[in-house]
Amino acid sequence: MEQYDVIGIGLGPYNLGLATLTTERSDLKTIFFDQNGEFAWHPGMLINGTDLQVSFLADLVTLANPTSKYTFLNYLHEQNRLYKFFFFHKFEMPRKEYADYLKWVANQLPTCNFQSEIIDVIDHGDHFEVVVNHWGLQQTKSYYAKHVVMGTGGEPVIPVDLDQTESEKAFHSSQYLYHKDHTIKAKHITVVGSGQSASEIFYDLLKLQEHFDYHLSWYTRSPGFLQLDNSKLGQEVFTPDYVDYFHNLSYKERVDSLEHLGQLRKGIDGETLHKIHELLYHRSVGNKKLPITIQPLTEIQHAENEGFGVKVKANQWQKDEKFTFSTEKLILATGYKPNIPDWFYKRFGDKVIWEDDKRYKVNQQFKLAFKDDNQRDHHFYTLTNLEHSHGTGATNLGLAVDRNIQIINEIAGKTIYPEQRDTTFTEFNPANY
């Protein structure tokens, strides 16, 4: 029976980074599977002119091995775009180019397999059996590994019941570009949400508004359309040092900390907010009434079909005033939640330790805590659903590299990639003088 050291479940940026780092330096025998036909990173949100909110240094490998041939800079060099990026004068990667970079890496790695859906994972006491449906080959096959790493990403959060609406009328922001052509032909378009995705969609539609004839609305249940805190000292919570500190807090302290760090975790890039306001200001010269509605403190409660559009019930929650409006298109930029496969609950729901009814316990090296931990040397690592255990940087691309370093070093039993610590000016524990 052929046995791998690691089987990776899912191929988003996190497991792709793990595949890249293990391919380059370790002697670990690995294989990775993803159910999609090919590598694709948020294809429905690759809006022209949008950038990532993190530096290009937060690629798949640079923070572990800046000499790697899989760095973003080497990708630019291979594409003859290094000088163009040099004069781009930004640290942030364009979203489209980041997606192309990821695909460029994935296409070079022999350990990455697509059209391969994981349909079951069985714990055999000293190893795991991973059952894969290779739907492109119409074949089901079992693979065996000492360890598995689950990187199944997120799935859209839909806060209202859309069963009574048609998919072309009401949809999640992850589908925006697929619906854009018919969306801009509507008479009234509504965007819901207060994060970066909502702002980018609103701005994209705002730029096009003068070429079409639609009213554009933007609602959020948040108190305002608030700017992400990009202060340099504040951003030091996105470091391995802070993750170490956070993980050692009690469960309640960790959950409470997530709320305290709201402006560092969630919000809109200041440049995007400035662009929106400037465009609105220029268009309003002469006190021109704009076909725009921008309203915070508003919760969307219900949506249903109404003629050519959608009837929406909402509540201004601070005043507790309910109201109804009609829109032809309803775009829900309402975020994501951890995508935990059904087989996980079936096979491991009773075996792992849960910190509450939705969040499993994860140790500092990203291993699930099992009830029989003292009897096992085969481990289930997770890159999914880590916010409660490892903090606000659980979805941060730069911290994903450190996460992979820790997993690789532990499985290998030696230091393959040095861990970077003592990296902040901020002290998170009481200082000793």
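In table form, for the structure just shown:
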quantity	calculated
Selection count where residues are part of a helix (DSSP H, G or I) and either assigned by TED's automatic domain parsing to the domain that holds ASN396 or closer than 18 Å to LEU399 by Cβ (or both), scope region 229-261	15
Strands (runs of 3 or more DSSP E) contained entirely in region 1-114, each with at least 2 residues that are touching a strand residue (DSSP E or B) at 6+ places or on another chain (Cβ under 7 Å), β-branched (Val, Ile, Thr) and closer than 30 Å to TRP343 by Cβ	3-9, 30-33
Residues that are of a type in the set (D, E, K, R) and either part of a helix (DSSP H, G or I) or exposed (fewer than 15 other Cβ atoms within 10 Å of the Cβ) (or both), drawn from region 158-190	ASP161, ASP163, GLU166, GLU168, LYS180, ASP181, LYS185
Identity of the residue in region 136-157, surrounded by 14 or more Cβ atoms within 10 Å (Cβ to Cβ) and in a loop (DSSP other than H, G, I, E, B), that ends up nearest to the chain's Cα centre (by Cα)	GLY153
Failed condition for TYR83, given (1) farther than 25 Å from GLN235 by Cα; (2) buried (at least 21 other Cβ atoms within 10 Å of the Cβ); (3) among the aromatic types (Phe, Trp, Tyr)	(2)
Residue match in region 178-186 (condition: within 19 Å of PHE325 (Cα to Cα), among the β-branched types (Val, Ile, Thr) and within 22 Å of the chain's Cα centre (by Cα))	no
Cβ-Cβ under 6 Å pairs, at least 6 apart or on other chains, region 7-34 side assigned by TED's automatic domain parsing to the domain that holds VAL131 and at positive phi, far side modelled with pLDDT under 95 and part of a helix (DSSP H, G or I)	none
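Here's the yes/no breakdown for (1) in contact with a helix residue (DSSP H, G or I) (Cβ under 9 Å, 6 or more places away or on another chain); (2) surrounded by fewer than 18 Cβ atoms within 10 Å (Cβ to Cβ):
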{"site": "THR324", "(1), (2)": "no, yes"}
{"site": "THR327", "(1), (2)": "no, no"}
{"site": "ILE331", "(1), (2)": "yes, no"}
{"site": "ASP342", "(1), (2)": "no, yes"}
{"site": "TRP354", "(1), (2)": "no, yes"}
{"site": "LYS367", "(1), (2)": "yes, no"}
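Every residue, every condition in (1) of a type in the set (Gly, Ala, Ser); (2) in the same structural domain as ASN65 (by TED's automatic domain parsing); (3) modelled with pLDDT of 95 or more; (4) buried (at least 22 other Cβ atoms within 10 Å of the Cβ), yes or no:
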position: THR395; (1), (2), (3), (4): no, yes, no, no
position: GLY398; (1), (2), (3), (4): yes, yes, no, no
position: ARG403; (1), (2), (3), (4): no, yes, yes, yes
position: GLN406; (1), (2), (3), (4): no, yes, yes, no
position: TYR417; (1), (2), (3), (4): no, no, yes, no
position: ARG421; (1), (2), (3), (4): no, no, no, no
position: THR424; (1), (2), (3), (4): no, no, no, no
position: PHE428; (1), (2), (3), (4): no, no, no, no
position: TYR433; (1), (2), (3), (4): no, no, no, no
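The values are calculated or read from the model by the stated rules, or taken from the named source; none is laboratory data. Note that this is a predicted model, so its numbers are computed, not measured. In this analysis, Cβ positions are derived from the backbone assuming ideal geometry, glycine residues included, and neighbour counts consider all displayed protein chains.
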